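Quick one: structure below, then a few questions.
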Amino acid sequence: MKPIASWDCEQANDVPTGGVFNLEFSPEGSLLVAACEKKSIQIFDPLTHQRIHSVNGAHSDCVNCVKFLDGRMFATCSDDATIALWDIRNLKKKICSLLGHSNWVKNIEFSVKDKLLVTSGLDGSIYTWDINSYTEYNVVHHRVFHASGLMRCRLSPDAGQMVMCTTGGLLVLIHNLNLATLARDLHGFKPNLYRLMQMSQQLIPIAAMYDHLFNGDRRENRVEFVSDFPEGNDAKVISALQIHPQGWSALSRNISHDDRSEWSCIHDIQPCEFAPDKGTRDDPPAPRRAPPRRGLRLARLLPFRTVRSHAARAHRTEATSQRESESEEAEAEAGGSEQPPAIVQPIPAASSRLGPGLPNIQNDVWEASITIKQHRMVQDMYIRGQVGRNFNMQRIMGINTGITPPASASAPASSPSPASASATASSSNSPSCPAPRTRAATRAASLLSTATDSNSPSTSGQTPRPRQAPLTCDEEAATRHYIRQNRERLLYYIEETNEGRGFIKELCYSADGRLVCSPFGNGMRLLALNENCSELSHCVQDSRGPAPMVDVGQSLGIHQDLVVSSKFSPRHHLLVTGCLEGKIVWYEPYSGEGLY
């Protein structure tokens, strides 16, 4: 790609535009609109490279995104928390302003299937707007979903899928999208909390109750998580997101922890006929032991009540037959000798934060679910004198979050008896003990440590839990909840230059999906899946796992500042890039000696 033309405000003797944060072509490729930092939008003829109109003061803050709804109408969003509708035939005045978001609005999509505008912002909310229906005060709109740390929300070309990316390094896919029922189907669902349950491998009841959203037999709004990234890329923030022109894959750019590296990744997002793996339990399998005699009760291993899942019911018959075989083996081994069976004691808390003891981790998970809003509410009540110093914060927080405080935390510390110590030692040496914590658990611990206070709150005065009858072996096996694991979706990846920390670099697909334009410092580079720039459907047939993308061309040093936006024309062999200085550069394909 050879640069053929450029434009900036100095050439036009105009007021500074600031950084070019977004570039968008009209559907037929006859117009180019630039969203600029200094509250303006610039309209160009992409073939003559001439600016044909400028709208200064389009918003009261920087403009972030432009989206065409058809050949004449487009929408813009801004850090002033508003969305504006424009008609290209009359740019002296906006059609209307859409009010609803409470923070910066960063993304606009248009559902061609539902004729709805879909916006997302840093307030974590996703709104749908029926632009054909007007009220006295605003356009009819609905908040269809909310997720903490939401960065981008994209729709597939046929509006059959929604893809979201978050500051927690997570891609959320919604298959068979139905915007009319999305708010009802996903009401109360917290992706970050469900992801926390996956990473900690500990059951969180208020997260597990949304397990049905991941079932493969759901006809509408089925949820799937994508969390696999290349080796050395522990994605912290996924800042940019684009969808393949055919809806085959998602192109994202993420920043690793401590801003050490920056990566671009391509993930498969096509629906699968089967649900994600559901083979990881929240607790280790029960050790083989003789059934308890009459008058003796087994202490429960889990510190709080688990949720019965559909998959657990399927194992009831297997657990019953296993119990019968264990009884026959125990009777054969016992013979005539009468030895009192050992009573299994609760697993004691480990000294380390991530040790094999369950109570510490579950206590951390419970603490992490306490929101800042609830903390501030209680603190304000304390400042106003509505509560005393002995006010039980944990009791109130546990009720609001739905997670009861772990019972082990309220138990008084006591030295273990010899019998319990021997039982604990024997259980720790058995194959059924928890395995050492993995990298994911360590990452979950860091997430927990940032979400919780360094000093654990007092657990005195907790509401006593009612005594429950002990579970038999088959009932205990049936109540074990299976935590879903995410499928591996990563296809291609490449490490980027880690320049311009804190700025979002918008990469893009070409119109046929064979090329990717990625901002690269003060220039750009073209990436492909292989040296022949083949289509994705041809490359994945011989794929043996995630592979690095191929650099097929670069254009560096054309801009004098960091490139933050790029866009391919939908109709012509044309590419444009924009930088923080406000300069826009056009590129065209070129071959020959002059290129080098």
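If you go through region 176-191, how many residues are outside any loop (DSSP other than H, G, I, E, B) and open to solvent by less than 10 Å² (accessible area, probe 1.4 Å)?
2
Here is a list of conditions, (1) closer than 26 Å to Trp129 by Cα; (2) aromatic (Phe, Trp, Tyr); (3) touching a residue at least 60 places away in the same chain (Cβ under 8 Å), and Phe214 meets all of them except one; can you say which number that is?
(1)
Kindly indicate whether Asp158 is among the acidic types (Asp, Glu), in contact (Cβ under 8 Å) with a residue 24 or more places away in the chain, touching a Gly at 6+ places or on another chain (Cβ under 8 Å) and in a loop (DSSP other than H, G, I, E, B).
The answer is yes for Asp158.
Turning to a different aspect of this structure: Test each condition in (1) among the β-branched types (Val, Ile, Thr); (2) closer than 19 Å to Ala240 by Cβ; (3) open to solvent by 10 Å² or more (accessible area, probe 1.4 Å); (4) out of contact with any Gly (no Cβ under 7 Å at 6 or more places or on another chain) for Thr497 and report the one that comes out false.
The number of the failed condition is (4).
Of a type in the set (Gly, Ala, Ser), open to solvent by less than 10 Å² (accessible area, probe 1.4 Å) and within 15 Å of Val585 (Cα to Cα), is that true of Gly19?
Values: of a type in the set (Gly, Ala, Ser): yes; open to solvent by less than 10 Å² (accessible area, probe 1.4 Å): yes; within 15 Å of Val585 (Cα to Cα): yes.
Taking the combined requirement at face value, the residue satisfies it.
Find the residue count for region 192-221, including only residues that are under 21 Å from Ser249 (Cα atoms) and either buried (at least 16 other Cβ atoms within 10 Å of the Cβ) or among the aliphatic types (A, V, I, L, M) (or both).
So the answer is 2.
A follow-up question, please. Six or more apart or on different chains, Cβ under 8 Å: which pairs go from a residue in region 511-525 that's of a type in the set (Phe, Trp, Tyr) to one that's surrounded by fewer than 24 Cβ atoms within 10 Å (Cβ to Cβ)? Could you list them?
The qualifying pairs are Phe520/Glu496; Phe520/Thr497; Phe520/Gln554; Phe520/Leu556.
Which of the residues that make up region 541-564 are surrounded by 15 or more Cβ atoms within 10 Å (Cβ to Cβ), within 25 Å of Pro230 (Cβ to Cβ) and small (Gly, Ala, Ser)?
Selection gives Ala547, Gly553.
When you scan region 251-265, do you find a residue that is in contact with a helix residue (DSSP H, G or I) (Cβ under 9 Å, 6 or more places away or on another chain) and farther than 13 Å from Arg501 by Cα, even just one?
no
Of these, Glu136, Glu224, which one is modelled with pLDDT of 90 or more and of a type outside the set (Val, Ile, Thr)?
Only one candidate passes the filter, namely Glu224.
Would you confirm whether any residue within region 159-167 is open to solvent by 10 Å² or more (accessible area, probe 1.4 Å) and more than 16 Å from the chain's Cα centre (by Cα)?
Our first condition is that a residue be open to solvent by 10 Å² or more (accessible area, probe 1.4 Å); within region 159-167, this holds for 160-161, 167.
From what's left, more than 16 Å from the chain's Cα centre (by Cα): 160.
The answer is yes; a qualifying residue exists.
Within the set of pairs 6 or more residues apart or between chains, which connect a residue that is closer than 30 Å to Leu536 by Cα and without any contact (Cβ under 8 Å) to a residue 40 or more places away in the chain inside region 550-564 to a residue that is of a type outside the set (Gly, Ala, Ser) and surrounded by 14 or more Cβ atoms within 10 Å (Cβ to Cβ) with Cβ atoms less than 6 Å apart?
Val550/Asn530; Val552/Leu526; Gln554/Arg525
Restricting attention to region 482-502, does a residue exist that is of a type in the set (Ser, Thr, Tyr) and modelled with pLDDT under 95?
Yes, region 482-502 has at least one match.
Residues of region 219-278 being closer than 25 Å to Asn22 by Cβ, out of contact with any Gly (no Cβ under 9 Å at 6 or more places or on another chain) and of a type in the set (Gly, Ala, Ser), which ones?
Of everything in region 219-278, those that are closer than 25 Å to Asn22 by Cβ, out of contact with any Gly (no Cβ under 9 Å at 6 or more places or on another chain) and of a type in the set (Gly, Ala, Ser) turn out to be Ser239, Ala240, Ala250, Ser252, Ser264.
Kindly provide the set of residues from region 120-159 that are more than 24 Å from Cys96 (Cβ to Cβ) and of a type in the set (Gly, Ala, Ser), ordered by number.
Selection gives Gly124, Ala147, Ser148, Gly149, Ser156.
Follow-up. Which of the residues belonging to region 83-100 are modelled with pLDDT of 95 or more and closer than 22 Å to Ser148 by Cβ?
Answer for region 83-100, where residues must be modelled with pLDDT of 95 or more and closer than 22 Å to Ser148 by Cβ: just Ile83.
Find the residue count for region 6-16, including only residues that are in contact (Cβ under 8 Å) with a residue 60 or more places away in the chain, surrounded by fewer than 20 Cβ atoms within 10 Å (Cβ to Cβ) and touching a Ser or Thr at 6+ places or on another chain (Cβ under 9 Å). Reasoning before the result, please.
Quick first cut of region 6-16, residues in contact (Cβ under 8 Å) with a residue 60 or more places away in the chain only: 6-9, 16.
Narrowing the set further to residues that are surrounded by fewer than 20 Cβ atoms within 10 Å (Cβ to Cβ) leaves 6, 8, 16.
Okay, now just the ones that are also touching a Ser or Thr at 6+ places or on another chain (Cβ under 9 Å), so 8.
Matching residues across region 6-16 total 1.
The values are calculated or read from the model by the stated rules, or taken from the named source; none is laboratory data. As the structure is a computational prediction, the values presented were derived from the model and not from experiment. Backbone-built Cβ (ideal geometry, glycine too); neighbour counts: all protein chains shown. The protein model used for the area step is the full one, side chains on, heavy atoms only, and it has no ligands, DNA or RNA in it. Shrake-Rupley method; radii C 1.70, N 1.55, O 1.52, S 1.80 Å.
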